[in-house]
Amino acid sequence: MSTQPIKILLIEDNPDEARLIEEMLLEVNAGDFIVECVNRLSTGLERLNEGNIDIILLDLTLPDSRGFDTFLKVQTQVPELPIIVLTNLDNEALAVKEVRKGAQDYLLKSEVTGNLLMCCIQYAIERKQTERHVLHLNNILKSIRTINKLIVIEKDKNNLIQKACDILVETREYNTVWLGLFMILEKCRCRLRFLVNPLNWMSRK
C-alpha cells in the first residue's frame with residue numbers, strides 16, 4: 001500500500017449499501033482509505049472535476065443515469081482514473097462489457113467483502129498505472145519513428161528541429177524532447193562527416 005491514503009469516490013445512491021462499503025473499508029484498513037460518497041452521477045462528475053481522487057467505485061443504477069451510459073460518462077470525463085463497477089447479479093453481463101471497454105474490475109454487491117474490496121482497489125490502481133506507463137512508452141516510440149522519417153525528408157536543420165519539437169509537444173512527450181534533439185544533431189553530424197571526408201580526400205590529391 002502507498003504511504004498516502006487512497007482517495008475513493010463512491011458513487012452509490014443506496015445509503016445502506018454505501019454505508020456497508022465504507023464500513024468494510026474501515027474494518028480492513030482504516031488509515032489507508034478516504035471515502036467520499038455521492039448519490040447521483042451529476043454530483044460525482046462535479047466532484048471529479050475538482051480532482052484529488054485516486055479511484056472510483058461506481059454503481060450502475062443511479063437516479064440520473066442507468067446502465068452502460070453511467071460508466072461511459074465517468075470514463076469519458078476521467079479516462080486516467082481506474083473504475084470499479086458495483087453491480088447486482090442481474091447486471092453482471094453489463095459489468096463484464098464495461099470491463100472490456102475499460103473498467104478495471106467489477107464486483108457483485110452480494111459477494112463483496114472488505115478484503116476482496118481492498119484487493120480489487122489495490123490491483124485496479126496498479127493496473128491503471130501500468131496502462132499509463134505502456135501508453136507513455138508507445139507515445140515515445142511513435143515520436144521516435146516520426147522523427148526518424150522527418151530526418152530523412154527534411155534537409156534544413158532549423159526546420160527539422162522545429163518540426164521535431166512540435167511532434168514531441170503534440171504527443172505530450174516533453175521529457176523526450178532531448179532525445180529527439182540528440183537524434184537530429186547526430187544525423188546532422190553524420191551528414192557533415194559525409195561532406196567533409198571527400199573534401200579531405202581531394203585535398204590530399
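Tell me which of these Glu50 doesn't satisfy, since it passes every other one: (1) within 21 Å of the chain's Cα centre (by Cα); (2) modelled with pLDDT under 80.
(2)
Are any residues in segment 48-82 of a type in the set (Gly, Ala, Ser) and either within 22 Å of Arg19 (Cβ to Cβ) or crowded, with 17+ Cβ neighbours inside 10 Å (or both), and if so, which ones? I'd like the intermediate steps shown before the answer.
Within segment 48-82, the first condition is being of a type in the set (Gly, Ala, Ser), and the residues that meet it are 51, 65, 67.
Hit for segment 48-82 is Ser65, nothing else.
Go through Lys109, Lys157, Lys128, Lys149 for me and flag whichever is touching an Asp or Glu at 6+ places or on another chain (Cβ under 8 Å) and farther than 16 Å from Asp54 by Cα. Steps first, answer last, please.
Values: Lys157 fails: touching an Asp or Glu at 6+ places or on another chain (Cβ under 8 Å); Lys128 fails: farther than 16 Å from Asp54 by Cα; Lys149 fails: touching an Asp or Glu at 6+ places or on another chain (Cβ under 8 Å).
Matching residue, one of Lys109, Lys157, Lys128, Lys149: Lys109.
The values are calculated or read from the model by the stated rules, or taken from the named source; none is laboratory data. Bear in mind that the values here come from a model prediction, so they are computed numbers and not experimental data. Positions of Cβ are generated from backbone atoms using ideal geometry, with glycine treated the same way; all protein chains shown enter the neighbour counts.
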